[in-house]
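The values are calculated or read from the model by the stated rules, or taken from the named source; none is laboratory data. All values reported here derive from a predicted model rather than from experimental measurement. Every residue, glycine among them, receives a Cβ derived from its backbone with ideal geometry; neighbour counts consider all protein chains shown. Protein only, heavy atoms only, side chains kept; ligands, DNA and RNA dropped before computing areas. Shrake-Rupley method; radii C 1.70, N 1.55, O 1.52, S 1.80 Å.
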Amino acid sequence: MTALPLVFDAPRRGMPPRHLADLTREEARTAVAELGHPAFRADQLARHFYRGVTDPAQMTDLPADTRQALTEALLPGLLTVVRHQTADDGRTRKTLWRLHDGALVESVLMRYPGRATVCISSQAGCGMACPFCATGQQGLTRNLSAAEIIGQAVAAAAAMANGELDGGPGRLSNVVFMGMGEPLANYARVRKTLDALLTPAPHGLGLSQRSVTVSTVGLVPAIRRLTEEGRNVTLAVSLHAPDDELRDTLVPINTRWKVGEVIDAADAYARKTGRRYSIEYALIRDVNDQPFRADLLGRLLAGKLAHVNLIPLNPTPGSKWDASPLPAQREFVARLRAAGVATTVRDTRGQDIDGACGQLAAADSVSVPSVALPMPAVEPPVELGAEGDE
Ligand code: SF4
């Protein structure tokens, strides 16, 4: 197993109190026993947590005189809603969360016909410093704990079950790690989160592997580790440029692991899982949208088990970054398809609430400039020219 470089070890300051979701099932049972209760109470607590039940009064299968103590010990409230913002006629909702130490993170829940996807954050801020990304301008505050990451998905599942989005009660079907942060820079906790997302009740949400997407800017050792440890989730690589010269400036970690190394690692992942990976590519006017770069990308990916998601930049007033014009987008798509590369243009849900690609920057933290640009964000891809997928 490849150890991750120390450079990704974010400070532990501010880490939250222990939570049931940070523990394996056996650890949770042991923790409950050490508190003087039968170990099976851990399963009951887990069932409540993953159903989004936080009020001890509703945990009627637990003895009344133990509920408070058990929830205080193992289900501390880690995420406090600062505000919800809705868009897309109530089918998209962005939530700003305050963590126990005051750090702010965001998640976005999006409802589509037949499915609902939540985009979650894995870090407060991000240390990858991509210049076009709002989150990248903040720097890294800290890694989130597994329970803080899982809690965002649990809250989304509960919101769907309770019918809080337009369309009535439904089921959370997809999770994408495309909010704030570089998920693979918080590897151990993201790995634990994957376990929780994929584990059936009572100790998880029971999602399918193919409905969970982990994105990365290309931390090659971590991609290899994910390949070795394999939960067979979908891998999304935020490439944004097909050549090292440009990518060194758009995605600074490229100075460490070059385009070729990143694609090699993604190919190995695809071979191991049999699953197509996606290449996320923010189309930025006159920066990376030239026809020759489409051809370069086409040559890079031709014959590979890869799919390109093009993400037109979400324009922000005052930002020097702008979306590629439609003719440039069409040309880019046509050249990739001519090279035999499956290509779609992504829907930009939630644009009017700064909840689309790269705009998850916890805008309440006033030190953050409102620079908006793509972090690849949200499923599903749509064909160029479509209004959306509905
Ligand atoms: S694009 Fe992703 S990896 Fe880059 S700074 Fe933004 S959140 Fe971090």
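Here are a few things to note about the model shown:
- Entry comment: accessible area of segment 19-74 is 51 Å² per residue, from protein heavy atoms only and a probe of 1.4 Å.
- Under 23 Å from the Cα of LYS258 - lysines, other chains or at least 8 residues apart: LYS272, LYS304
- Of ALA42, THR60, HIS19, farthest towards positive along the dipole that unit charges on Lys, Arg, Asp, Glu beta carbons give segment 19-74: THR60
- Over segment 94-206, accessible surface divided per residue gives 25 Å², non-protein components excluded, 1.4 Å probe.
- Put a plus charge on the Cβ of each Lys and Arg, a minus charge on the Cβ of each Asp and Glu, and nothing anywhere else: the dipole of segment 19-74 about its Cα centre is then about 180 debye.
- Of all accessible heavy-atom area on segment 11-92, the percent that carbon and sulfur account for (1.4 Å): 49 percent
- Neighbourhood net charge (15 Å Cβ-Cβ; Lys/Arg +1, Asp/Glu -1) for ALA268: +2
- Our coupling estimate for segment 80-95, obtained by passing each phi through the Karplus curve with A = 6.51, B = -1.76, C = 1.60 and θ = phi - 60°, is 10, 5, 8, 6, 10, 10, 10, 8, 6, 6, x, 9, 10, 9, 9, 10 Hz, Gly and Pro reported as x.
- Ranking PRO291, LEU326, VAL259 by how far each Cα lies toward the positive end of the dipole of segment 256-331 (charges on Cβ) leaves VAL259 at the top.
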